[in-house]
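Trainee: My structure is below; once you've seen it, I'll send some questions.
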Amino acid sequence: MQSECVERVINVIARSQKLPREQVTIDSEFAALDIDSVDAIEILFELESEFNIVIPDEQIHSVRTVRQVVGAVEQLLDAKASGAAAS
């Protein structure tokens, strides 16, 4: 069973790219999904809204797979939670 974060990231990517949900998996590569750099920026904005986080532009340029996106989102969520706990 996939984590809630994985499911949400996959749903955002599928919805923003108008792809069938079952076509997008944790192991999908952006190139195989026909996601280019402009599409990646759109996904970035959707993920920021979905998770209420800020993703650095340079981070989105380095990701090429759904797994990398999930890792980046989880890392930002952990940092946000740590920051909230420290406050």
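Trainee: Tell me yes or no: at least one residue of the stretch 3-14 is surrounded by 11 or more Cβ atoms within 10 Å (Cβ to Cβ), modelled with pLDDT under 95 and outside any loop (DSSP other than H, G, I, E, B).
Mentor: no
Trainee: From the list E48, E58, E22, which residue is of a type in the set (D, E), out of contact with any helix residue (DSSP H, G or I) (no Cβ under 7 Å at 6 or more places or on another chain), in a helix (DSSP H, G or I) and surrounded by 12 or more Cβ atoms within 10 Å (Cβ to Cβ)?
Mentor: Being of a type in the set (D, E), out of contact with any helix residue (DSSP H, G or I) (no Cβ under 7 Å at 6 or more places or on another chain), in a helix (DSSP H, G or I) and surrounded by 12 or more Cβ atoms within 10 Å (Cβ to Cβ) holds for just one of E48, E58, E22, which is E48.
Trainee: Looking only at the stretch 61-87, count every residue that is in contact with a Ser or Thr (Cβ under 9 Å, 6 or more places away or on another chain) and farther than 15 Å from R8 by Cβ and tell me the total.
Mentor: 3
Trainee: Take A81 and tell me if it is part of a helix (DSSP H, G or I), surrounded by 11 or more Cβ atoms within 10 Å (Cβ to Cβ) and among the aliphatic types (A, V, I, L, M).
Mentor: No: the conditions fail for A81.
The values are calculated or read from the model by the stated rules, or taken from the named source; none is laboratory data. None of the values given here were measured: they were computed from a predicted structure. Heads up, the Cβs are rebuilt from the backbone with ideal geometry, glycines too, and the neighbour counts pull from every protein chain shown.
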